[in-house]
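What follows is a single structure, written as structure tokens, with notes after it.
The values are calculated or read from the model by the stated rules, or taken from the named source; none is laboratory data. Since we're looking at a predicted model, the values are computed, not measured. Cβ placement follows ideal geometry from the backbone for every residue including glycine, while neighbour counts extend to all protein chains displayed. Only protein heavy atoms, including side chains, enter the accessible area calculation; ligands, DNA and RNA are left aside. Shrake-Rupley method; radii C 1.70, N 1.55, O 1.52, S 1.80 Å.
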Amino acid sequence: EEAKTAEEEEAEEAEEEAEEAEEEEAEEEPTATAKPTATAKPTATAKPTAEPTEEPTAEAEEEEAEEEEAEEEEAEEETAGGAWPNCEPQGKAVVWEVGIKGEELAFDQKEATVEVGECEALTVKFTNTSKTQEHNWILLNHAEMDQAEAFNKVAMANVENEYFPEAGEAVMDQLIAHVENRQPGDAGEVTFAAPPAGDYLYICTVAGHFAAGDWGTLHIK
């Protein structure tokens, strides 16, 4: 082999140095790190919108008002006294006698006063002194003629029940006590707890009698 010249050797050395320098430079350069990918921002969920409440219509309000009124009327009816007695008769009975004024369609007492305490026993002895007409005696828990007329109307229609309302009829809430139909010359009686002090109508409900004046007022003192 021929001996290398000094220039060739220098060239090779220079080339090797350049390669070494490139390798060192490559090692020193940091490897590029991958840039983090941007995470998608969560999209805001739509807030639920409150459903508008339906405003009551005029018709619905009217129906509600009618229902409330009906409930109030029912409550008033329930607390308006109702049928008496609300207690058992107590003590020795106070006796009151009443009859018919001859052949007139009228009681022999248009007004009567009885002294008896509330809930004390009261006995009513009713005698039909008429010689031709049947009569009954019915005591109501008020002194209102219009209510008495309503009671009489229902009672008068029940001929088969001796001119007395059937059980369960609304007008029965007016009843305190009664003596059933008595034929001419017959008598009957009833004992019951006396109502509170006040005025109470008693009537006869045989057809046509009440309208003719067959009624009276009992004053309890």
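Here are some notes:
- Spin-label model distance (nm) - GLU17 vs GLU63, 7 Å beyond Cα toward Cβ: 10.8 nm
- Loop-located trypsin sites (Lys or Arg not before Pro) across the range 84-162 with a Cβ neighbour count of 10 or fewer within 10 Å are LYS131, with loop assigned by DSSP.
- Probing with 1.4 Å while keeping every protein chain in the model, the per residue accessible area of the range 84-221 equals 49 Å².
- Site pair MET172 and ASP108 shows an inter-label distance of 3.2 nm when each label is modelled 7 Å from Cα along Cα→Cβ.
- Spatially close lysines, pair count over the range 110-221: Cα under 24 Å, gap of eight or more or interchain: 5
- Split the accessible area of the range 147-218 by element, probe 1.4 Å, and carbon with sulfur accounts for 48%.
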